[in-house]
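Each reported figure results from applying straightforward, stated rules to the coordinates on display, with no laboratory input. Worth saying up front: this structure is predicted, and the values here are computed from it rather than measured. As a convention, Cβ positions derive from the backbone with ideal geometry for all residues, glycine included, and neighbour counts pool all protein chains shown.
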Amino acid sequence: MTKVQAGRFSANHDGPLVVFLIGMRINHFHKPAKWLPVIRAMGPMLNELHRDAESGFLGAETLFQPWRTVLLVQYWRDFDSLERYARARERQHWPAWTAFNRAVGNDGTVGIYHETYSVPHHGLETIYANMVPFGLGKVAGTVPSTGSRKTARTRMTGQADETAP
């Protein structure tokens, strides 16, 4: 079991970032031959990315919505790295994507989705109070939320917050 980190902490990340939300939804439980391959494809992709420090992949957090939906929140150095991985025919993603299109296509049995957000430097802020490592804090590590990381405004802008108590 992961230990709770008592106190207030922020992610130890400084700079731009790409947040990539990717996941699937099981629309027809009675057709596991359609959705099981989709579920099974993500592990090898994540393993491949974790082994490749040069890929630009920083890490991920997996979340489950009861019964139907899986969401992976991925953190990337930049969009070019994410796109390069997605389009590389020799990597795990490309064959999984083409297999999905052949097996499922538009038949409605399995839904997939992704959203990509490019976050500029000083365009994010994080706080983890009495939490286990999570999200960007899990990926980048954490530091105490003191000084320039004490308030949401100072974490977001990197500038002093004159109104903070």
At most 10 other Cβ within 10 Å, DSSP loop - chymotrypsin sites (Phe, Trp or Tyr not before Pro), the range 1-60: 29
How high is the FRET efficiency from residue 130 to residue 152, r the C-beta distance, R0 22 Å, rounded to 0.05? 0.80
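Ignoring everything except DSSP H segments at least 4 long, calculate the 222 nm mean residue ellipticity for the chain; use -39,500 (n - 2.57) per segment, divide by total residues, nearest 500. Walk me through the intermediate numbers first.
On the way: 5 runs with 52 residues, N = 165.
After summing the helix terms and dividing by residue count, I get -9500 deg cm²/dmol.
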Simple SL model, points at 7 angstrom along Cα→Cβ for residue 87 and residue 61; separation in nm is 3.0
Where is the GNM fluctuation largest for the chain (alpha-carbon springs, 10 angstrom cutoff): 32, 144, 66? 66
Which residue fluctuates the most in the chain, going by a Gaussian network model with Cα springs under 10 Å, if the choices are 121, 30, 93? 30
Of 148, 98, 58, farthest towards positive along the dipole that unit charges on Lys, Arg, Asp, Glu beta carbons give the chain: 98
Which whole-number percent of Cα pairs in the chain have a distance greater than 22 Å? 52
So, with +1 on the Cβ of K and R and -1 on the Cβ of D and E, and no other charges, what is the size of the charge dipole of the range 17-119 about its Cα centre, to the nearest 20 debye? 480
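Given R₀ = 35 Å, FRET efficiency for residue 8-residue 53 by Cβ-Cβ distance, to 0.05?
Numbers: r = 30 Å, r/R0 = 0.86.
With a Förster radius of 35 Å, E is 0.70.
Under the classification rounded if a/c is under 1.5, otherwise prolate if a/b is larger than b/c and oblate if not, where does the range 33-111 fall, given a ≥ b ≥ c as square roots of the Cα gyration tensor eigenvalues?
Details: a/c = 2.18, a/b = 1.42, b/c = 1.54.
Note, shape of the range 33-111 comes out oblate.
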How far, in degrees from 0 to 90, does helix 93-103 lean away from the longest principal axis of the Cα atoms of the chain, to the nearest 10? 40
Mind checking which of 17, 82, 36 has the largest fluctuation in a GNM of the chain, springs on alpha carbons under 10 Å? 36
Would you list, by chain and number, the lysines whose Cα falls below 26 Å from the Cα of residue 150, excluding same-chain residues fewer than 8 positions away? 3, 138
